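The values are calculated or read from the model by the stated rules, or taken from the named source; none is laboratory data. Owing to the predicted nature of the structure, the values given are computational and were not obtained by experimental measurement. Glycine also receives a Cβ, built like all others from the backbone with ideal geometry; neighbour counts cover every protein chain displayed.
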């Protein structure tokens, strides 16, 4: 495959950092980048290599209004959950808050009461939310909404796990690659409280994907209580 | 008592920011925003848009400071990467490039032994490039121009631009590694 060629990879990484890689090529490269630590390292090297070019730029003090806006967004109304940056950080989300809120609202039909007690956004390597996982109180059902398809290569899939502090884990499901919502019943035999587990997503390939955690961890994060 | 270097200060401020220390974050902003604003301004050219970019980038920094890995990348490179990617995204959106989704490089600073090159080294190596190669690389980096945009600006076929950039990057890397 062309992307395996060391020279091609090196140049694509350079062009990506340079900014000249665009359109479809940039998108393909970013898809590869998500799963390829070596490619990420190349990109990192190019970022370091080209960064001194910025020394030629004369620093320009931004107007005070910029900081005021930032301060306002990080420093006010901690009681308002959706505008609280710490809340978002806990979720591991870097996407624009408004779009995530929208996705969340769309994901929860109005007739479904009470509201989910716990939610977690599963993010990809670029910290974009890919799935929204929610759990209703006292229920052993998880609701998974795909926010963005991952376009996994054939034979690879993302698996959701619950992992407890003692290291034990429970495979939940293969995460859907298509848009939409799915519900998953957690097994009754689980010995530990699912609410106390961390959510982990791995990229698996084998037939025993949901029973045997072997793949690379793509995401790890706690539930957030609502 | 040994004075902290700028590098150490930035590393410390990023670590404190990761812990939610707003004073550290404010100081980080004061120290780095003039350079980062210049980077955004150079790419986006419009002050208001560059300010939006800087604001969004720093909100990302506030949320992601914990993902900065000391020793894996210089703090300024990490910050510049966040700003550049935000700016390039905004530029592509301005240009109605629907394929340029707002994917970020922010989190892609991977563990590796990247060698820091100083400005003198890159200046010297940029001078070893042919004029066209140098111009392409500078325009792409500073202004975020794509291949077709570079072709248009320099009045050359896209194929020539691609060759210039690739040869320029190869030469740059060879020179910097020498």
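The table that follows gives values for the structure above.
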quantity	calculated
Conditions (1) over 19 Å from residue A:125 (Cα atoms); (2) touching a strand residue (DSSP E or B) at 6+ places or on another chain (Cβ under 9 Å); (3) loosely packed, with under 12 Cβ neighbours inside 10 Å: number failed by residue A:197	(3)
Flag if residue B:4 is in a helix (DSSP H, G or I) and either under 19 Å from the mean Cα position of the chain (by Cα) or in the same structural domain as residue B:91 (by TED's automatic domain parsing) (or both)	no
Tabulated pairs, region A:13-29, first facing another protein chain (nearest Cβ under 7 Å), second surrounded by fewer than 16 Cβ atoms within 10 Å (Cβ to Cβ), C-beta under 6 angstrom, 6+ apart or interchain	A:23/B:99; A:24/B:99; A:27/B:99
Region A:125-169: number of residues that are assigned to a loop (DSSP other than H, G, I, E, B) and either over 16 Å from residue A:196 (Cβ atoms) or in contact with a strand residue (DSSP E or B) (Cβ under 7 Å, 6 or more places away or on another chain) (or both)	16
Within region A:30-59, considering residues that are over 24 Å from the mean Cα position of the chain (by Cα) and surrounded by fewer than 18 Cβ atoms within 10 Å (Cβ to Cβ), the one farthest from the other protein chains (Cβ to nearest Cβ)	A:56
Leading residue by the ranking (modelled with the highest pLDDT) among those in region A:170-189 that are over 15 Å from residue A:205 (Cα atoms) and either outside any strand (DSSP E or B) or in contact with a helix residue (DSSP H, G or I) (Cβ under 8 Å, 6 or more places away or on another chain) (or both)	A:170
